[in-house]
Amino acid sequence: MTTNEIKQIILTNDLNQFIHGADVQQIGIGCSGDSVLKISKDGNDFFLKYSANKNIETEYKKLNWLQGCLPVPQIISYQHENGIHYLLTRGLDGEMICTPRYMKNWHSGLNVILQAFEKLWATDIKDCPFDARLDYKLKQIKVKIDSEQIKPEDIRPEFLAKYGGIDGIYEYLIKNKPDEQLCFSHGDTSLPNIFGHGDKLSGFIDVSDCGVGDIWFDIAVTVKSIKRNYNEEAVQIFYREIKNKIGKIKHDIIDYYLTLVEL
């Protein structure tokens, strides 16, 4: 970004001082609608996420709780000024496992994914204050439906046709709730949110939806992302490895959550 472009971004005094003289790049990966700057200075990369979205404050609280529990970005600062939330973190080592390098060498990506799930499942949920269970997710979806934040054009036509529209999808989800197998859930284990360095896990980003949740939710999200970024063979290997770790693959529950994430 040019100096003039940076000046047009409304930041706090502290953040303006922090980015002074740094190489700043505006990036946009994900669906949150937040603005993200990549800031490179003194040989290190930092990421500044900012918007009026309160999810940034939620992510800050969850990142703070996860420090020392999971490999997540280090918090540099969190500020809330003039209605805008600002979260500055240090970048993780490695790269997201959907880069061209990993898409070409997807077996390495699968190794990283399996390490990611081992880390998540090893996280103690006894004192976790964050709820990511199904009832919580369904309440959030109902709010979005009632406020018309979910629109038919945002949903794949085959789902709308199968269930007769948005209300039909929601009714199916309410009437077919599976029993939950609780663990620590990241909440969005799509490949852009998992970082690796070669065959090794570097960490997780975008933890605003994490908390105590169903083990099959993260599995479903990951299956969808593996299929989109790698291939069907990688999906089948992932299923085989998950089966070795936790037993029978519950395809009906995975399909349920694949329907849920459409909304």
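Quick note: the coordinates plus some simple rules give every number you see, no bench work behind them. These numbers come from a predicted model, not from an experiment. Please note: Cβ atoms are built from the backbone with ideal geometry, for glycine as well, and neighbour counts cover all protein chains shown.
Take the Cβ atoms of SER77 and GLU153, set R0 to 30 Å, and the FRET efficiency comes out at 0.20.
Note on the stretch 3-90: percent of Cα-Cα distances in each 10 Å bin, starting at 0 and stopping at the bin with the largest distance, equals 16, 52, 29, 3, 0. Highest mean packing comes first when the peptides 218-227, 127-136, 177-186 are listed by Cβ atoms within 10 Å, giving 218-227, 177-186, 127-136. Basic side chains Lys and Arg get +1 at the Cβ, acidic Asp and Glu get -1 at the Cβ, and with that the dipole of the chain about its Cα centre reaches some 380 debye. Above 27 Å, the calculated P(r) of the chain contains 43 percent of its Cα-Cα pairs. Working ranking of peptides 95-105, 201-211 by packing, defined as the average number of other Cβ atoms within 10 Å per residue, highest first, is 201-211, 95-105. Pairs LYS224/LYS250; LYS137/LYS177; LYS151/LYS250: which are spaced more than 20 Å apart, C-alpha to C-alpha? Beyond 20 Å: LYS151/LYS250.
Relative to the Cα centre, the charge distribution of the stretch 83-225, modelled as +1 at Lys and Arg Cβ and -1 at Asp and Glu Cβ, gives a dipole magnitude of about 240 debye.
Before rounding to the nearest 500, sum -39500 (n - 2.57) across all DSSP H runs of length at least 4 in the chain and divide by the residue total; then give [θ] at 222 nm in deg cm²/dmol.
That comes out to -13000 deg cm²/dmol.
So for the stretch 113-263, Kirkwood radius off the Cα pairs, Stokes-Einstein at 10 °C and 1.306 mPa s: how many µm² s⁻¹?
Estimated via Stokes-Einstein, D reaches 97 µm²/s.
Scaled to the globular estimate 2.2 N^0.38 Å, the Cα spread of the stretch 40-188, given as radius of gyration, is 1.28.
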